[in-house]
Amino acid sequence: MSNLRKLDMLTRVEGHGSVELIRDGERVVDARLNLFESPRLFEALLVGRRFDEIPDIACRICSICSTVHKVAALQGVEQALGISISRQTGLLRELAVQGGQIESHALHIFCLALPDYLGVSGFQELAASVPEKLQMGLRIKKLGNQIQAIVGGRAIHPFNLLVGGLARVPDTGQLRFLSEELAAASTDVAASIAYIFNLNEILPTLALVPSCAVSGGPSLFGDCLVTSVGTSIPVKQSARWLNERIEGHTHAKVSHFDETTPFMVGPLARLLLSMPAEHVHRFTDRSIKSALKARVVELQLAVRRAQELIEYLVTDGLKNEPLSAVGHVQGEGAALVEAPRGVLLHSYRFNDRGICRAANIVTPTAINQGAIAVSLKALIATMDGAGYAQVKRSAEMLVRCYDPCISCAVH
Amino acid sequence: MRKLRLAIAGLTACSGCQLSLLNCEDELPALMAQFEFHFFPLACSPAVLEGEYDAAIVEGCLSMPHEKELLHELRKRSRYLIALGTCAAWGGVTALRNGEDRELMRQQVYGQSPVAVETFDPLPLGSLVLVDAAVTGCPPEKEELLKLLAGLTQGALPVENDYPVCTECRMRENLCLLTERDMLCLGPLTLGGCHARCPTLSASCEGCRGPVPEANVKEYLALCAKTGRDEEAVLGRLHRFWPGWVL
């Protein structure tokens, strides 16, 4: 049974990890997030595979984020091989990514995080105590899945998105259906914002570390990283700037930026940095405890953006297009996309037969490990004297503010 | 009526099979009336195994020692143990380089640092414990997952399919991607049950549901050779979800 103590597992997050409290006598003096998820070694699995197989395999890194992994991998491959995609393909891919954003945020807000605020164990108790709120969340979540299924062919691991285009372009009727559903969902989303903003606080105000986001704002795409310390890093230099290294206590690599500063990525970072400035005033506390509010605001941004994208697509007129041709087989390329939890980078190198020789994937939860460590230290400092169980509960709630996705982080 | 007690666990995987359950947004209320999701760390706190379970539904393959212990523990406590998804049933995408030097692969990712040195070639659940039933797919079809749960309420396990993706593809009157469009479609070798989801959108079957019983690999490879397909590419595709093909 020795290893089963690892069942002291962080719950209501994707993947396997734990928050370990370090004690000096009775006092809790430090806390650490251990990501002991089994590594699947994706960056090694991808080596030796042909370029058109990369996105199909890479999206299996994570289910909640499978659409955004697929799209980031597609764009990384296309960058490497000089493949340019049509406007229609770009719009449809973005629509699928917005669908993923909606699904992931709704899942986190209404199934994974809300129990913390209401002092219950999970969705079963939510169904008993706030059934209409859970239903509302599930309706929004379902819409995110419908978008991913119509564009990607399936809610998880979308197969319809290919290098250079789509296997089958959705028809106008399907997009009109989504548009109607999105319009209907705006009432639920507005009600969600009102509800989430009025929940009682469960954590103290803890300062944020500097933040980092992909440049494109509501589109979730972009060609550089922007930071709250004023730097701007083009996609090609992102991997070096993120500077991942291996540390003993976690199976996920840890980003080191300029050697010392941890950065935060995710909804709060985006709202402070790259999203329309009209929402910044809602986050003047500049504290990680507001991450849930940031997610629900982003839900609204994603719903609106998805409606906009459908409008562009329908106005342009949907048409079947052949897949774009491969420019050259050999090359290197990278792509940045905002995943629900923050900056995602996929970067690949191919040889003269189009076979992958190197893959590098940097995920938001891996990046956030540094920020989580800082937050945990700050929390422990504010809770000096509190008992083990109380600190443990707060520490887990704090980690959940980052909505960690541990399969992504370790991959 | 007593609610059935479930343990839902993930091993080495992407959580997609468990998410497929949470993606049953319309059916969740009815499911909650029939089942107690007692151990379900992805969605419920705390993660504590306690007492016995009517069924353990397990996603993912085995690739670390602590997962073997967890699986034994789940098996011991459960009347039925169900492998959910292709990783649990066959090894899945994580196993695609099984048989190669795993330590070398580990070093490709972690260098000389001793992180996760305990990792081993991914194995399906059946290599360690008795598996009562499997629902395959990457991800599994929601419909099959719901059928499994509905069956459990009657004390029954799902009837396993024995036909390939092609059977359902023909029934949907799709153009044959393999013979009529010259695409590398794995439909003839892959277990059906997905209503030919991918070929129906003109995307090749990538074999995500694992092998169909009595798959005629030899004939498939001969057909590919006849149409001048690169054998390396065919084999690579074949091994994406299961490294165990006997050629």
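Between the alpha-carbon centres of region A:245-318 and region B:3-21 there is a gap of 28 Å.
Which one of A:127, A:174, A:115 has its Cα pushed farthest toward the positive end of the charge dipole of region A:96-180, where Lys and Arg give +1 and Asp and Glu give -1 at the Cβ? Final value for the positive-end residue is A:174. Across region B:165-238, Cα pairs under 8 Å and at least six residues apart give a relative contact order of 29 percent.
Computed on chain B, with alpha-carbon pairs under 8 angstrom and 6+ residues apart, the relative contact order is 18 percent.
In the elastic network of chain A, a GNM with C-alpha springs shorter than 10 Å, the most mobile of A:198, A:360, A:368 is A:198. Taking the centroid of alpha carbons for each part, region B:183-231 and region B:24-88 are 31 Å apart. Relative to the Cα centre, the charge distribution of region B:4-153, modelled as +1 at Lys and Arg Cβ and -1 at Asp and Glu Cβ, gives a dipole magnitude of about 240 debye.
Here chain A is treated with +1 on each Lys and Arg Cβ and -1 on each Asp and Glu Cβ, and its dipole about the Cα centre works out to around 400 debye. A dipole drawn for region A:293-371 from +1 and -1 charges on Cβ atoms has a positive end, and of A:354, A:309, A:369 the residue lying farthest that way is A:369.
Taking R0 as 56 Å, what's the FRET efficiency between residue B:157 and residue A:183 from their Cβ-Cβ distance, rounded to 0.05? After rounding, the FRET efficiency stands at 0.80.
On the basis of the beta-carbon distance and an R0 of 41 Å, residue A:223 and residue A:190 show a calculated FRET efficiency of 0.80. Across region A:90-198, Cα-Cα pairs more than 24 Å apart make up 32 percent of the total.
Each listed q (0.16, 0.17, 0.21, 0.22 Å⁻¹) maps to a log10 I(q)/I(0) for region A:189-326 from the Debye sum over equal C-alpha point scatterers, namely -0.98, -1.05, -1.26, -1.31.
Bridging of residue B:218 to lysines at a Cα separation below 18 Å is possible for B:226, once same-chain residues fewer than 8 apart are set aside. In this simple spin-label model, placing a label point 7 Å from the Cα along the Cα-to-Cβ direction at both residue B:170 and residue A:357 gives a separation of 4.6 nm. Compute the FRET efficiency between residue B:104 and residue A:304 as 1/(1 + (r/R0)^6), taking r as their Cβ-Cβ distance and R0 = 60 Å, and round to the nearest 0.05. With R0 = 60 Å, the Cβ-Cβ based efficiency is 0.80.
Here region B:127-225 has an Rg and Dmax of 14.8, 48 Å, counting Cα atoms alone.
Of all DSSP beta bridges confined to region B:1-158, the antiparallel ones make up roughly 15%. Using Cβ point charges alone (K and R +1, D and E -1), the dipole size of region A:268-328 about the Cα centre works out to roughly 420 debye.
Partner aspartates and glutamates whose Cα lies under 14 Å from the Cα of residue A:319, excluding those fewer than 8 positions away in the same chain, are identified as A:171. Rounded, prolate or oblate: which one fits region A:2-410, using the alpha carbon gyration tensor with axes a ≥ b ≥ c (rounded when a/c is under 1.5, else prolate when a/b beats b/c, else oblate)? Verdict is oblate for region A:2-410.
Of A:297, A:265, A:391, the residue with the greatest mean-square motion in the GNM of chain A, using alpha carbon springs below 10 Å, is A:391. Dipole of region B:165-238 computed with +1 at Lys/Arg Cβ and -1 at Asp/Glu Cβ about the Cα centre; of B:235, B:199, B:188, farthest Cα towards the positive end is B:199. Normalised by the number of residues in chain A, the average gap of Cα pairs under 8 Å and 6 or more apart makes the relative contact order 27 percent. Kirkwood analysis of chain B, using all unique Cα-Cα pairs, places the hydrodynamic radius at 19.2 Å.
Here, each number is a calculation from the coordinates, and none is a lab measurement. Predicted model, so just to flag it, every value in this text is computed and none were measured. As a convention, Cβ positions derive from the backbone with ideal geometry for all residues, glycine included, and neighbour counts pool all protein chains shown.
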